[in-house]
Every structure is written in C-alpha cells, then in structure tokens.
Amino acid sequence: MSKTSLIVLNMLANGDFQSGELIGQKLGISRMAVSKAIKGLNERGINITSVPGKGYRLEGPLQLLDKDAIRTRLDTGGYSDFQIDILHDIDSTSDYLLQQSRVRDVNRTVCLAENQNSGRGRRHRQWHASPYRNITLSIGWRFEDGMSALSGLGIAAGITIAKTLHEAGLDRNIGLKWPNDIIWKESKLGGLLIDVRGEHDGPCLVVLGLGLNLSLSVQDQQAIDQACTSLEQISGIVVDRNALVADMIHALANLFEGYSASGFDSFHHLWTDYDRLHGREVNVIRGEKIFTGLAMGIDEFGALLVDEGKGSFSRFLSGDVSLRLAR
C-alpha cells in the first residue's frame, strides 16, 4: 500500500465523511491523487463510498492495528520481550515467519497482517478475511523438547482461544469443532493451523497461525464455501481489535510456556466444555471414503472418537481427515 493511501485510510478510519478537497489540502496533493488513492483502497476490498457534497466515507469505522497499544497491554501481562511485526499486505503470516526463521530467530515473534492475500487453512484451503477488520496472526515459539512433546498442541491452542473469548465476555456458545475450528453454533468463526520445523527429539520451531473473524464484508461472506460468522454479528458490538490481539498473544504464550511440562493431559478433560459436535451425527471424510456416526469426543492423544454402531469407537487422527455435520 502506498504511503498516501495509508494516510487517507487513517483519515477515514473513524467512519465520518471527509471531503476530497480537505484530504488533498492536508496531504498537499491534488484531488486527482486523492481519487487515485481512494480507488486503490477500494480495489483492496476496503469499501469507501462517495457522496456528492459530503465526500468520502468508509462503510463502517476501522480500528487499525496499533503496535504501541498491543505492546502496552502485553507489557502489563509480563510479555514485554515479544517482537511484533505488523504488515499491511502479505500472502501469509505463517509463511512470513517460516521464511524469516531462515535468517533470524523468530522465537517469541508475532506477525500480524491488515490484509492477508493467501492465508492457509487445513488441507490447503484458503482462509478469507476482510482487510483491516479481522485478526490474522502467527506466533513463533521455540520448544527444546522436540516434536514428540507437542502431541495435542493444536487442540490445546483451540481450547485456549475459545476460553480467552469467553473471558472477554463474548458469547459462551463459541466453541470448537475438532480438531481446531472455532465455531459459533454451526458457523465458522475462526481457525488455527500449526507448522513445525526441527528435530523429532530436539529443538524445534512452532509457528501457530490464527484467523479470527471480527467483522466480515458481504462479499467475503459470500466467497466462503461454508457457513461463517463474525464476532460483530454474534455480539452486535464492535470488539476492541488491539486489546483482543494482545489477549490472544498473552494466552498462547502462557500455553506454550507450560506445555512441555504439562502436555496434553491438562487439556484433555477440558475438551468436553468446548466441543460443539458431541453426540451429533457427523461424516468423517478420508479421501473418497466417508465414515458416519456420532461424535463422542477425543481420546487422550487428541484423536476423534466416532460411534459407528460397531461396538468400540472408531478413532481418527486430524492429519488425514475432514469432519462435517451429517445432513
């Protein structure tokens, strides 16, 4: 994004009308340059309307990511040493950290994006997020005990995020769909994805990516190929984006710091509090095969248990299957 477009966006962020003439005067640029900046912002999915005699206005106020606001809240929680990278345009926050890890230490580094063009979900699906209105975040963390000590970390992270949302006063119907989708009722609210690089029994880097819908444009909601929602739709209020980002970072850091010692054992029993598919009929899709039964929670390793009516429960690992409610 050009410097001019970014300044114009900051001027419009409160949702009030700003005349093109006034914008031009403040920036020392022509009306044509203002119009070009507005066009560029619209092309990025930031919907700006133009009303003759009034000027330009965003379809709704924006709260831009603010490193100082996030750091102040993190400092209060005891995490003043985090590196915070805020980028306006990026393909993927997780890919960014993985690439950066080749040239620098990204332990305790957070990457946030205002606009993520190629966010990744499970099984190579694309993650859609309305620019400048949601949370697209990745955090890097070094574990000394290796991949073997990280079993169930993705599920534990999902529980941590859902718990943080509840503690923020948001709807307690927010829960999880195995293994790491954040849902409200039957609509997707967010998701987690973990990448691991390193040794099986030695030092390794975890990059955890989080996508969370705070607000979705009509266009983006239509582009998503499944039922979805946002915190704004659920609660009817505007969520403090920077405060919630800081709370998410704090919660995940707490999780990571203690996970090598506690492991998944301390989270297994919590799953039932957040599992929104328990006892419901589901389809588990593995390749071209579909297994149908009742979702019966998870085992001590985080594998999904399904009652197919065969006596013992069938067990599924997250790496090779997709889960859907049976219709």
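Please work out if G53 is free of Cβ contacts under 8 Å to residues at least 40 places away in the same chain, farther than 17 Å from S2 by Cβ and part of a loop (DSSP other than H, G, I, E, B).
Working: free of Cβ contacts under 8 Å to residues at least 40 places away in the same chain: yes; farther than 17 Å from S2 by Cβ: yes; part of a loop (DSSP other than H, G, I, E, B): yes.
Yes.
Being of a type outside the set (S, T, N, Q), part of a helix (DSSP H, G or I) and at pLDDT 90 or above is a property that holds for I70. Looking only at segment 53-65, residues that are modelled with pLDDT of 90 or more and more than 11 Å from Q18 (Cβ to Cβ) come to 3 in all. Taking the criterion of being modelled with pLDDT of 95 or more, in a helix (DSSP H, G or I) and either touching a helix residue (DSSP H, G or I) at 6+ places or on another chain (Cβ under 7 Å) or open to solvent by 10 Å² or more (accessible area, probe 1.4 Å) (or both), the residues of segment 96-137 that qualify are Y96, L98, Q99, Q100. The number of residues in segment 301-313 being touching a residue at least 24 places away in the same chain (Cβ under 8 Å), open to solvent by 20 Å² or more (accessible area, probe 1.4 Å) and over 26 Å from the mean Cα position of the chain (by Cα) comes to 0. Considering the conditions (1) open to solvent by less than 30 Å² (accessible area, probe 1.4 Å); (2) hydroxyl-bearing (S, T, Y); (3) closer than 18 Å to N180 by Cβ, S318 is excluded by exactly one of them, (1).
Only residues that are open to solvent by less than 50 Å² (accessible area, probe 1.4 Å) and either part of a strand (DSSP E or B) or out of contact with any strand residue (DSSP E or B) (no Cβ under 7 Å at 6 or more places or on another chain) (or both) were counted in segment 30-45, giving 5. Of all residue pairs spaced 6 or more apart or on separate chains, those with beta-carbon atoms under 7 Å, a first member in segment 3-18 that is within 14 Å of I29 (Cβ to Cβ) and a second member that is aromatic (F, W, Y) and at pLDDT 90 or above are Q18/Y56.
Checking each residue in segment 290-300 for being under 17 Å from L150 (Cα atoms) and either buried (at least 17 other Cβ atoms within 10 Å of the Cβ) or of a type in the set (V, I, T) (or both) picks out only I298.
The values are calculated or read from the model by the stated rules, or taken from the named source; none is laboratory data. Because the structure is predicted, anything quoted here is derived from the model rather than measured. Quick reminder, even Gly has a Cβ in these numbers, built from the backbone with ideal geometry, and neighbours come from all protein chains shown. Surface accessibility is based on the protein's heavy atoms, side chains included, excluding ligands, DNA and RNA. Shrake-Rupley method; radii C 1.70, N 1.55, O 1.52, S 1.80 Å.
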